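One structure is given below, encoded as structure tokens.
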Amino acid sequence: MRLYFGYFWAETGWGKLHNLDAFAQRFAGWNIPYPHLSAALSAYTEWVGGILLMLGLFTRLASIPLMFNMFVAIVKVKIKEVTGINDFAEMDEALYMFVLFWLIMAGPGRVSIDHLIQRAYSRRG
């Protein structure tokens with residue numbers, strides 16, 4: 001799950017970074033403050049966060065800004081389209097937030113750099 005989801009975020013972030021002006025224009029259209037800075041920050045959050053998730057490095061920490069990205073997307077863009085619980089339940093961004101929350105709670109798993117670091121520290125102490 002972590003590898004797949006991390007790849008998804010890294011790919012979307014990479015695409016946004018390579019079309020940053022258009023992405024910033026969308027931010028301006030959504031009335032997000034400082035659209036160029038916000039778009040760059042959002043794109044880098046997705047790209048770097050996705051890479052960290054794939055590696056299993058700082059998994060819990062990397063999930064937090066990705067969740068914040070989705071929270072902003074829901075509040076500033078998607079909530080206008082929600083007319084009931086069904087609309088909210090079918091929203092991709094809400095699902096992404098739940099998956100990220102699950103990663104925060106469950107952690108990266110055994111096949112991760114986080115796990116290797118934890119094992120190395122537990123052997124020392």
### Summary
Within segment 78-101, residues more than 22 Å from G50 (Cα to Cα) and aromatic (F, W, Y) come out as F88
### Task
Of the conditions (1) surrounded by 19 or more Cβ atoms within 10 Å (Cβ to Cβ); (2) over 15 Å from N69 (Cβ atoms); (3) of a type in the set (D, E, K, R), D21 clears all except one; give me its number.
(1)
### Message
Checking the structure you have, find out if any residue of segment 78-91 is in a helix (DSSP H, G or I), small (G, A, S) and either over 30 Å from D21 (Cβ atoms) or touching a helix residue (DSSP H, G or I) at 6+ places or on another chain (Cβ under 8 Å) (or both).
### Response
yes
### Task
Would you point out the residue of segment 84-116, among those that are of a type in the set (V, I, T) and either surrounded by 13 or more Cβ atoms within 10 Å (Cβ to Cβ) or in contact with a strand residue (DSSP E or B) (Cβ under 7 Å, 6 or more places away or on another chain) (or both), that is farthest from F5 (Cα to Cα)?
I113
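Read the figures in this text as sums done on the coordinates, not as results from a lab. Given the structure is predicted, the values throughout are model-derived calculations rather than measurements. Please note: Cβ atoms are built from the backbone with ideal geometry, for glycine as well, and neighbour counts cover all protein chains shown.
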